[in-house]
Amino acid sequence: MNIELRHLRYFIAVAEELHFGRAAQRLNISQPPLSQQIMQLEAETGAQLFNRTNRSVKLTAAGQQLLSDARAILLQVEQAAERAARLHRGEEGELRIGFTSSAPFTGVLSNALYQFRQRWPKVHIQMQEINTRQQLAPLHDGRLDLGVMRNTPLPGDLRHQLLLSEPLYAVVHWAHPLVDADKISIKALASEPFVFFDPQGGTALYSEILALLHRYQIKPYITQEVGEAMTILGLVATGLGVSILPASFRRARLADVVWLPLEEPDALSELWLVWSGEREINAQMDRMMQLLRRDFAG
C-alpha cells in the first residue's frame with residue numbers, strides 16, 4: 001500500500017465534518033483534490049470508506065475503523081516527532097557519568113547534578129562510581145559519556161578540562177605531635193608510618209601523591225595499603241599512621257582526625273572532566289558540561 005500521512009489527515013477531516021466542502025475549507029484546499037485523495041485512499045485500502053449521496057456523507061463500517069486507527073497513527077507520529085525533538089534538545093534521553101569516589105566530596109559534581117535534575121528531570125542520569133584508570137576504556141568505547149576523575153595520563157582520543165584544583169593536606173590522629181602546627185612541610189612526614197592507597201586499586205591519587213613525595217626525596221614508610229580514601233581516614237583515626245589526601249575529604253568530618261595544610265606550593269590535586277574527542281557531544285552531555293564548567297568558573 002502507498003498510504004501517506006496526508007491521506008489520513010484528509011480522511012479524518014472528511015470523517016469529522018461529514019461534508020467534503022467543509023472539510024476542504026478546514027484543510028485550506030479546494031474540494032476536487034480532496035475528493036481525489038479520498039478516492040486514492042479507498043483504492044489503496046480496497047475498502048469503501050464513505051457512503052455518499054447528494055445530501056449526505058456517512059462513514060461505512062470500514063471507515064469507522066479506519067478513523068479510529070488513523071487518529072491513533074497520527075497521534076503516534078506526533079508523539080514520536082516530539083520525543084525526537086526533546087531528545088535533540090537534551091530534555092529527554094540518558095546521560096552516563098563515571099566518577100571517582102572523591103568527586104562527590106568536592107561539591108562541583110553534586111552541585112551540577114542538582115541543577116541538571118531541577119532543569120531537565122526527564123533525562124535519566126546513570127552514575128557509576130569507578131576509579132580514574134577504570135574510566136578510560138568506557139569513555140573510549142562509549143559506555144560512559146562523561147568522566148569526572150583525578151588528573152592522570154590520557155590516551156590520545158580523550159579530552160579533558162580542569163574542574164577543580166585543590167590543596168593536599170596531611171591527615172593525622174588528634175593526639176599526633178604535629179597537630180598544633182598551623183602548617184607543616186611534607187618532609188615532616190618522612191619517617192611516619194603511612195596509610196596509603198593500594199597500588200593495584202587504580203586510583204590516580206596513588207600516583208599523584210607518591211609523585212609529590214618523590215619530588216621531595218621522600219620514600220614513604222607505608223604500613224597499611226587500602227582501596228578507598230574513607231578507609232584511609234578510618235585507619236588514621238585509629239592512630240595506625242598518617243596520610244595525605246585532597247582537602248575535599250574534610251567534609252567527612254571524622255572527630256579523631258586532624259587536617260594540616262602543607263607548605264609545599266605544588267601539593268595540589270586536580271579534578272578533571274573527561275570525554276571522548278571522537279564521539280558526538282550530544283545535548284545532554286553539553287548541558288552537563290556547561291554546568292560543571294560554570295561551577296568551576298564561579
Any residue that is basic (K, R) and either in contact with a Leu (Cβ under 9 Å, 6 or more places away or on another chain) or part of a strand (DSSP E or B) (or both) - is there at least one of those in the range 186-200? no
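Answer yes if at least one residue in the range 234-253 is under 26 Å from A112 (Cα atoms), among the β-branched types (V, I, T) and either at pLDDT below 90 or surrounded by 15 or more Cβ atoms within 10 Å (Cβ to Cβ) (or both), and no otherwise. Break it down stepwise before answering.
Of the residues in the range 234-253, the ones under 26 Å from A112 (Cα atoms) are 245-253.
Of the ones still in play, those that are also among the β-branched types (V, I, T) are none.
No: the range 234-253 contains no residue that is under 26 Å from A112 (Cα atoms), among the β-branched types (V, I, T) and either at pLDDT below 90 or surrounded by 15 or more Cβ atoms within 10 Å (Cβ to Cβ) (or both).
Determine whether Y206 is under 33 Å from the mean Cα position of the chain (by Cα), at pLDDT below 95 and closer than 30 Å to A112 by Cα.
Numbers: under 33 Å from the mean Cα position of the chain (by Cα): yes; at pLDDT below 95: yes; closer than 30 Å to A112 by Cα: yes.
Spelling it out, Y206 is indeed under 33 Å from the mean Cα position of the chain (by Cα), at pLDDT below 95 and closer than 30 Å to A112 by Cα.
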Could you run through the range 211-220 and say how many residues are part of a helix (DSSP H, G or I), of a type outside the set (D, E, K, R) and touching a residue at least 12 places away in the same chain (Cβ under 8 Å)? 2
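Mind listing whichever residues of the range 85-134 are of a type in the set (A, V, I, L, M) and out of contact with any helix residue (DSSP H, G or I) (no Cβ under 9 Å at 6 or more places or on another chain)? First the steps, then the outcome.
Going residue by residue through the range 85-134, those that are of a type in the set (A, V, I, L, M) are 85, 87, 95, 97, 103, 108-109, 112-113, 123, 125, 127, 130.
A85, the sole residue that qualifies.
Is there a residue being out of contact with any helix residue (DSSP H, G or I) (no Cβ under 7 Å at 6 or more places or on another chain) and either among the basic types (K, R) or within 30 Å of V148 (Cα to Cα) (or both) anywhere in the range 19-41?
yes
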Restricting to the range 82-114, what's the tally of residues that are in contact (Cβ under 8 Å) with a residue 12 or more places away in the chain, under 14 Å from Q284 (Cα atoms) and surrounded by fewer than 16 Cβ atoms within 10 Å (Cβ to Cβ)? 3
Quick check: anything in the range 3-25 outside any helix (DSSP H, G or I), under 43 Å from the mean Cα position of the chain (by Cα), at pLDDT below 95 and farther than 30 Å from R287 by Cβ? yes
Members of the range 137-167 that are surrounded by 20 or more Cβ atoms within 10 Å (Cβ to Cβ) and either free of Cβ contacts under 8 Å to residues at least 24 places away in the same chain or within 15 Å of the chain's Cα centre (by Cα) (or both): L139, L144, D145, L146, G147, V148, M149
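Name every residue in the range 16-28 that is aliphatic (A, V, I, L, M) and surrounded by 15 or more Cβ atoms within 10 Å (Cβ to Cβ), in order of residue number.
Of all residues in the range 16-28, those aliphatic (A, V, I, L, M) come to 18, 23-24, 27.
Across the range 16-28, the qualifying residues are A23, A24, L27.
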Got at least one residue in the range 149-168 being touching a Lys or Arg at 6+ places or on another chain (Cβ under 8 Å), assigned by TED's automatic domain parsing to the domain that holds G277 and outside any strand (DSSP E or B)? yes
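Looking at the range 192-203, can you tell me whether even one residue there is free of Cβ contacts under 8 Å to residues at least 60 places away in the same chain, among the β-branched types (V, I, T) and crowded, with 21+ Cβ neighbours inside 10 Å?
Restricting attention to the range 192-203, the residues satisfying the condition of being free of Cβ contacts under 8 Å to residues at least 60 places away in the same chain are 192-200.
Keeping just the survivors that are among the β-branched types (V, I, T) gives 195.
This time we only want the ones that are crowded, with 21+ Cβ neighbours inside 10 Å, so: 195.
Yes, the range 192-203 contains a residue that is free of Cβ contacts under 8 Å to residues at least 60 places away in the same chain, among the β-branched types (V, I, T) and crowded, with 21+ Cβ neighbours inside 10 Å.
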Applying the selection to the range 207-223, what residues are of a type in the set (S, T, N, Q) and surrounded by fewer than 17 Cβ atoms within 10 Å (Cβ to Cβ)? Q217, T223
Scanning the range 259-298 for residues that are surrounded by fewer than 21 Cβ atoms within 10 Å (Cβ to Cβ) and of a type in the set (V, I, T) gives I281
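The values are calculated or read from the model by the stated rules, or taken from the named source; none is laboratory data. Keep in mind the model is a prediction, meaning the values are calculated, not measured. Because the Cβ atoms are built from the backbone with ideal geometry, glycine has one as well, and the counts that use them run over all protein chains shown.
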